[in-house]
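The values are calculated or read from the model by the stated rules, or taken from the named source; none is laboratory data. Predicted, not measured: the structure shown is a model, and the values here were computed from it. Glycine also receives a Cβ, built like all others from the backbone with ideal geometry; neighbour counts cover every protein chain displayed.
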Amino acid sequence: MASTTAAAAPQLPGTLEGQLGKSPARRRPRRRRVLALPRSGKVVLGLVILGAFVVLAIVGPYVAPYNPSSTNFTPGLHPDAAHWFGTTLLGQDVLSQVLVGARPTLVVGFVAGAIATGLSMVIGVTAGYIGGATDEGLSLASNVFLAIPGLPLLIVIDTYLPQGARSNTILIGAVIALTGWAWGARVLRALTLSLRNRDFVEASRIIGESRWRIIFVEVVPNLLAVLASSFLFTLLYSIGTYVALAYIGVTDTAQWNWGSMLYWAQANNAATGNQWWWFLPPGLCIALVGMGLALLNFGIDEFINPRLRAAGVTGRSRRKVKLSNRPRLGLTPVVEAPR
Amino acid sequence: MSDSLRPAPAAADPSPNASPQPLSEGAEEPVLEIRRLSIDYGLGPGALHAVVAADLTLRRRQVLGLAGESGSGKSTLAYGATRLLREPGVVAGGEVLLNPREGAPTDLLAASERQLRAIRWSEISMVLQSALNALNPVVRIGKEFDDILRAHSRLSRKARRRRAGELLEMVGIHPSRLSDHPHQLSGGQRQRVMIALALALEPQVVIMDEPTTALDVVTQREIIEELIELRDRLGFALLFITHDLSLLIELADEIAVMYAGRIVERAPAEELYRSPRHPYTYGLLHSFPPLHGEVPPMTGIPGSPPDLASIPAGCAFHPRCPYAMDRCTRAVPALDLLEGQGRQVACFLHDGQAAVPSELALS
Amino acid sequence: MTTLARRLGVYLLTAWVAITVNFLLPRMMPGNPVRILIGKIHGRVTPQMVRAIEEQFGVGLHQGLWSQYLHYWDQLFHLNLGVSIALSAPVSSVLKQTVPWTVGLIGASTVLSFLLGTFVGTYLGWRRGTVFDAVLPVATFFQAVPYFFFGTVLLLVFASHLRWFPELGAYNEALTPHWHWAFVASVLRYGQLPAITVIVSSVAGWIMGMRNMMVTTVAEDFVLMAVAKGLPKRKVVAYAARNAVLPSISNFSLAMGLLVSGALLVELVFNYPGVGDLLLTAVQNEDYPLLQGIFLVITFTVLSANLIADVVYMALDPRIRREA
């Protein structure tokens, strides 16, 4: 959570480095570079991990070797050829549960992430662009939603839902989104506020373009990087929250997702009973998805805040001139370079 | 360094072969000698050459102006020489000799981190363009002084406080402001605080990088006058970096003009103003109205300064130069001493092989 | 002080929203969940209790919503949060026993995590480009692991398997809870593994945030000036860190809700007798009075912690700015 907040204010090039005079003011900053994320190893790895799990969520139920609810197997089997991830104390196949459970977990994440990001964009951009009393009201609302602890509120709300509704992933996702939009709205509001006073927006206003045209053509494209980061963040938040809700038994415990797997493992003391194969697969899946999202977010962070990118002098050329690997403030290296 | 905190300005220069009154140019002993200094951004074949073989000599009590457009390398030169340039900046060669009050000269480029730390501020201090960025936003002004005095002297807490008050008063700010934070001061006050900080240890060299650019003209005027007065009183040498040549003509004893990483002309301020010898200097002089005196016709310079990544071959100024000759596109003119004039210029117009245009000839 | 007043206003409003949501949810929810609950527990509990639940949640009352709302507030002021169905005890007295455990465990580990993360982040941000940057991907991984899952793994490895730590609970059951050394020592011993879980799970966020802010701050002019002044390195780092920590502290109040939510579930893993464990009891039994009481208590605790973080922030940042 904290890692992305540095993005709240767009950075200008460092004052001293600005002496190089290589960055003339762009009319529409960043617009064209939106898709040109730094192709670092982190971003690629993040995309690969996330892509693999999306594929898993799609094909999972079809490739699962057994019915995940079937209790026909010997309970508590270690992983073996027939049951790659072993069986539960209730005699169910763990691998099948992981495969079937991928879909609801990711669906809730994506639904909640999309709704929350949409909400935060509408609320943040409106508050930032229109200002005045609208801004005061919307900012107050986002501050209130930021302060309310989300998970306990969701537990209360979901416990009041009828049993049938608790297995509805779309509904659960939507409810999670209610508690997840405020952070993004805050960041987007601040960014919109700073964009509103930039020259190119000012120019469009003077030309007499309509407010909505300015918002969608001039402002929103410049928010894309932060929107993407906000989406990844809420996606991570939503998956974590859904898993937590399932783990505490608020959602339908008979529906297979990674959280409900952990619920059953906990209920049967899998940890103290040393049945690591029961809770390790769903937990690691959650961690891997989260890691993939965080890695992607790194890329976006470095894109938004160029200071986070590694300095231009790379490792190999440093070693060639016997430079220490670390830039040191106030000790500009002296190299004898042929010229 | 505690013994260097002498309040009496007359004693600022203890060296026996320097007289208390500044003589004509070149008579005082050099305090900072920059020799063949080259600075790159990046390493290896792709490196950008931001400063190429620059020579500068700063003498005691002298105000040396360094002028040029943004991107000419003037700030890079100052930060590189003091080893304060950030990565990817690297010093690619040269020497920066500092003559301390006592002891042998030190080459800053060969100095260790420890040596540098001792020299910094007590011998060389700096004032940056934006005082708001240069002052730590969360500490009080008094703490800025205190940190310096604590690091470089053995004064007691009380004495440090008193000294900080004196320094503030010296730049015309009431000592009660010591307990203010930077954001509580006006832009002019902040820059005065920076100057007082820079003089806290009575260094021999003060480097100012566009110190008045962010200020309005009236405040700028006041600060420049104060600076001249302080220099006369305390006797520090000042390296003043700016894009505003007309300002330097008022303030500086000597001016060096930079273009695309090279020093293209060096002359006493008065002479440079009266008779610029480099076409670029001529162009610069005719793009700023002087603060005083007659206004020459404003012509400006056609084109824009080159990108470091694509510096033209030969003399970097030739694409914009109205007098460009064939040879200017092929060879780089050296910064040569003009005979009998005590000034230098890097231009083929003055090596005797071509006729000198009347604007650039001696008037 | 106006900034603080503003924040206080936001928190009071938040508290009001939480209370009102608590009041409205059971009354507005489709499917009449409270009536279903009463049907389920009929015969298992005393008629007085059924009556109390009906009154608390507005079932079968011939009263307007507004007078119910006033009654609700009146009860709240008297700290009457109803009676827990599962535990057959007043919710307020149940909470009085559990809240201190949670505040002690989560409070201490959160503060420790923040301090640890800030120091490590400062170091990583300052020494950027060294081998220590390898910490970052590892930190990312831990940031993504749900607290309770990580707790489960630690429990298996270090308590069940290696037996370095006691397994479950908050103290040795053989001792009577009382202020004497053996009991306190036992509490500290049992609290270690849950605390380590919370710290390791949450520290990555602070490390990353502080590291990134350090990298950004070190690029500022005033840090370069600190070097130009010839200040000792320790002092230069302090200049940067002192500024870089400010966003971390304002994030502290933003992240509080998330942190507490994550940490509560750790209690479940270790059967720690705090609010999180109580939450499980409430959910399993659809114990609405208990659930709502827990929600209010958590909300108020988080808001108080936020207020403390705000006061600290204001003490550290002289530019008392209007909130951006």
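Observations on the structure shown:
- Only one entry in C:GLN56, C:GLN48 is touching a Pro at 6+ places or on another chain (Cβ under 9 Å) and either without any contact (Cβ under 8 Å) to a residue 12 or more places away in the chain or outside the structural domain of C:VAL200 (by TED's automatic domain parsing) (or both), namely C:GLN56.
- The residues on offer are C:VAL45, C:VAL10, C:VAL21, and the sole one that is at the interface with another protein chain (Cβ under 9 Å from one of its Cβ atoms) and over 16 Å from A:VAL156 (Cβ atoms) is C:VAL10.
- Selection status of C:SER261, at pLDDT below 90, farther than 30 Å from A:GLN266 by Cα, facing another protein chain (nearest Cβ under 9 Å) and assigned to a helix (DSSP H, G or I): no
- Among the numbered conditions (1) at pLDDT 85 or above; (2) at the interface with chain A (Cβ under 7 Å from one of its Cβ atoms), the only one that C:ALA324 does not meet is (1).
- Considering the stretch C:193-243, the residues that are basic (Lys, Arg) and buried (at least 24 other Cβ atoms within 10 Å of the Cβ) include one that is farthest from B:VAL127 (Cα to Cα), namely C:ARG211.
- Number of the exception - A:TRP84 against (1) closer than 20 Å to A:LEU288 by Cβ; (2) assigned to a helix (DSSP H, G or I): (2)
- Restricting A:GLY259, A:GLY240 to those that are in a helix (DSSP H, G or I), among the small types (Gly, Ala, Ser), modelled with pLDDT of 85 or more and out of contact with any Asp or Glu (no Cβ under 7 Å at 6 or more places or on another chain) reduces the list to A:GLY240.
- Residue in the stretch C:127-148 that is in contact with an Asp or Glu (Cβ under 6 Å, 6 or more places away or on another chain) and under 22 Å from C:VAL200 (Cβ atoms) present: no
- Check on B:ASP180, facing chain C (nearest Cβ under 10 Å) and closer than 16 Å to B:LEU199 by Cα: no
- Test: residue in the stretch B:136-159 that is in the same structural domain as B:ARG36 (by TED's automatic domain parsing) and at positive phi: no
- Residue that is surrounded by the most Cβ atoms within 10 Å (Cβ to Cβ), among those in the stretch C:19-35 that are at pLDDT below 75 and at negative phi: C:VAL34
- Top-ranked residue in the stretch A:149-174 [being under 30 Å from A:ALA225 (Cα atoms) and surrounded by fewer than 21 Cβ atoms within 10 Å (Cβ to Cβ); ranked as farthest from the chain's Cα centre (by Cα)]: A:LEU171
- Any hit, the stretch A:134-148, residues being more than 14 Å from chain C (Cβ to nearest Cβ), crowded, with 16+ Cβ neighbours inside 10 Å and not hydrophobic (A, V, I, L, M, F, W, C): no
- Residue in the stretch C:285-294 that is among the charged types (D, E, K, R), modelled with pLDDT under 85 and out of contact with any strand residue (DSSP E or B) (no Cβ under 9 Å at 6 or more places or on another chain) present: yes
- Selection within the stretch B:143-162: residues that are surrounded by fewer than 19 Cβ atoms within 10 Å (Cβ to Cβ) and within 28 Å of the chain's Cα centre (by Cα). The member of this set that is nearest to the other protein chains (Cβ to nearest Cβ) is B:ARG150.
- Test for B:GLN129: is it more than 21 Å from C:LEU224 (Cα to Cα) and facing chain C (nearest Cβ under 9 Å): no
- Residue within the stretch A:150-164 that is part of a loop (DSSP other than H, G, I, E, B), of a type in the set (Val, Ile, Thr) and within 23 Å of C:ALA305 (Cα to Cα) present: no
- Criterion applied to A:ALA294, A:ALA246, A:ALA228 was being farther than 20 Å from C:SER160 by Cα and surrounded by fewer than 24 Cβ atoms within 10 Å (Cβ to Cβ), and the one residue passing it is A:ALA228.
- Against the test of being of a type in the set (Val, Ile, Thr), assigned by TED's automatic domain parsing to the domain that holds B:LYS143 and more than 20 Å from B:LEU64 (Cβ to Cβ), the options B:VAL218, B:VAL205 yield a single qualifying residue, B:VAL218.
- Qualifying positions in the stretch A:267-284 - more than 7 Å from every other protein chain (Cβ to nearest Cβ) and either in a loop (DSSP other than H, G, I, E, B) or in contact with a helix residue (DSSP H, G or I) (Cβ under 8 Å, 6 or more places away or on another chain) (or both): A:ASN268, A:ASN269, A:ALA270, A:GLY273, A:GLN275, A:TRP277, A:TRP278, A:LEU280, A:PRO281, A:PRO282
- Checking the stated criteria, B:ALA316 turns out not to satisfy the condition of being of a type outside the set (D, E, K, R) and surrounded by fewer than 18 Cβ atoms within 10 Å (Cβ to Cβ).
- Where B:ARG163 falls short, out of the listed (1) basic (Lys, Arg); (2) within 27 Å of B:ASP232 (Cα to Cα); (3) in a loop (DSSP other than H, G, I, E, B): (3)
- Wholly within the stretch C:129-238, helices (runs of 4 or more DSSP H) carrying at least 3 residues that are of a type in the set (Val, Ile, Thr) and within 10 Å of chain A (Cβ to nearest Cβ): C:181-218
- Subset of the stretch C:52-69 (residues that are in a helix (DSSP H, G or I) and surrounded by 12 or more Cβ atoms within 10 Å (Cβ to Cβ)): C:ALA52, C:ILE53, C:GLU54, C:GLU55, C:GLN56, C:PHE57, C:LEU65, C:GLN68, C:TYR69
- The listed residues are C:SER253, C:SER304, and the only one of them that is assigned to a helix (DSSP H, G or I) and within 9 Å of another protein chain (Cβ to nearest Cβ) turns out to be C:SER253.
- Residue count, the stretch A:66-81 (criterion: aliphatic (A, V, I, L, M) and either surrounded by 14 or more Cβ atoms within 10 Å (Cβ to Cβ) or not in a loop (DSSP other than H, G, I, E, B) (or both)): 1
- Residue within the stretch C:269-291 that is farther than 23 Å from A:ALA270 by Cα, touching an Asp or Glu at 6+ places or on another chain (Cβ under 9 Å), in contact (Cβ under 8 Å) with a residue 40 or more places away in the chain and more than 14 Å from chain B (Cβ to nearest Cβ) present: no
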